[in-house]
Amino acid sequence: GLLRAFAADAAKPRTPITLGEAVVTAVANNPGVLARRRDPESAAFGVLGAESVYEPKIRIDFAYADRKIPTSDLLQGVEGSQLGDAREDDEYLADVALSKTLRSGTEVELLWQNARRTTNSSFEAFSPSFQPSVGVGVAQPLLRDFGGMSARTTVELAEKTSFRTAAEYEAALADFVLEVVEGYWAFNLAEAELAAKQRSFELASELATEARARVQIGSLPPVAAKEAASDAAARDEEVI
């Protein structure tokens with residue numbers, strides 16, 4: 001990108017760019033810098049992934065059971081049935097659980113259970129029947145991962161990795177910008193040196209022309225014209 005910015009068409013004069021424009025152009029068109037720009041973001045997502053263990057979780061369970069049990073005698077209590085009729089039981093289960101892991105490693109869970117049952121058995125007092133319940137569970141590891149050290153260590157490692165990745169990207173970007181700045185001023189210095197050498201060659205060419213004219217009129221010896229031509233050729237070589 002920096003080379004394209006300095007490139008000029010032979011028919012058009014090159015428009016100089018500032019140092020800031022050169023840096024912006026080089027950074028915006030360098031594949032390596034563009035590829036590494038995503039590294040800090042990826043490391044930050046790693047921190048979020050490590051901290052997700054502390055995020056609250058919700059679980060929803062639903063189940064349905066349909067049972068038909070053939071009766072072998074009338075004492076099994078199927079209402080209005082005859083021998084050989086089936087006992088039918090329908091059951092719906094719906095559970096909602098909300099859980100969260102604390103920084104200390106303690107796991108807390110709130111459970112809400114719901115059950116609805118219907119049956120044609122005459123021994124059941126209520127049909128349909130509902131059985132809702134609420135429960136709270138607390139679990140604290142006492143041996144392995146006591147105090148939540150494992151999860152905290154994972155989070156701390158992810159944070160350190162994120163900081164290191166951001167610092168490495170900043171360092172790489174600073175090194176690249178330094179290369180661009182050095183290249184920018186080296187190019188301007190080379191341009192200035194080229195302009196000086198071109199002017200020196202023009203003056204040497206004029207002196208060689210003047211020396212040849214003075215040799216023709218006899219005011220200078222022929223060797224003076226050769227020396228001037230040799231000096232002009234040497235300066236032309238420097239320009240090239």
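The values are calculated or read from the model by the stated rules, or taken from the named source; none is laboratory data. As the structure is a prediction and not an experimental result, all values here were calculated from the model. Note that each Cβ is placed from the backbone with ideal geometry, even for glycine, and that neighbours are counted across all protein chains shown. Heads up: the accessible areas ignore ligands, DNA and RNA and are worked out on the full protein's heavy atoms, side chains in. Shrake-Rupley method; radii C 1.70, N 1.55, O 1.52, S 1.80 Å.
The table below gives the values:
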item	result
Matching residues, the range 221-233, being open to solvent by 40 Å² or more (accessible area, probe 1.4 Å) and either in contact (Cβ under 8 Å) with a residue 12 or more places away in the chain or over 11 Å from residue 205 (Cα atoms) (or both)	221, 222, 223, 226, 227, 229, 231
Per-region count, the range 212-222, residues among the small types (Gly, Ala, Ser) and either closer than 20 Å to residue 237 by Cα or outside any helix (DSSP H, G or I) (or both)	2
Condition check for residue 158: part of a helix (DSSP H, G or I), open to solvent by less than 70 Å² (accessible area, probe 1.4 Å) and among the aliphatic types (A, V, I, L, M)	yes
Within the range 91-118, tally of residues that are over 29 Å from residue 50 (Cβ atoms), in contact with a Lys or Arg (Cβ under 7 Å, 6 or more places away or on another chain) and among the hydroxyl-bearing types (Ser, Thr, Tyr)	1
Search result, residues across the range 170-195 that are under 33 Å from the mean Cα position of the chain (by Cα) and over 14 Å from residue 22 (Cβ atoms)	170, 171, 172, 173, 174, 175
Yes/no for residue 191 being open to solvent by 60 Å² or more (accessible area, probe 1.4 Å), of a type in the set (Asp, Glu) and closer than 30 Å to residue 108 by Cα	no
Filter result for residue 171 (out of contact with any Cys (no Cβ under 7 Å at 6 or more places or on another chain), among the aliphatic types (A, V, I, L, M) and either touching a residue at least 60 places away in the same chain (Cβ under 8 Å) or more than 30 Å from residue 37 (Cβ to Cβ) (or both))	no
Residue match in the range 136-146 (condition: within 30 Å of residue 232 (Cβ to Cβ) and open to solvent by 60 Å² or more (accessible area, probe 1.4 Å))	no
Members of the range 98-132 found to be assigned to a strand (DSSP E or B), closer than 18 Å to residue 88 by Cβ and of a type in the set (D, E, K, R), listed by number	116, 117
Within the range 6-83, helices (runs of 4 or more DSSP H) holding 2 or more residues that are at pLDDT below 70 and aliphatic (A, V, I, L, M)	none
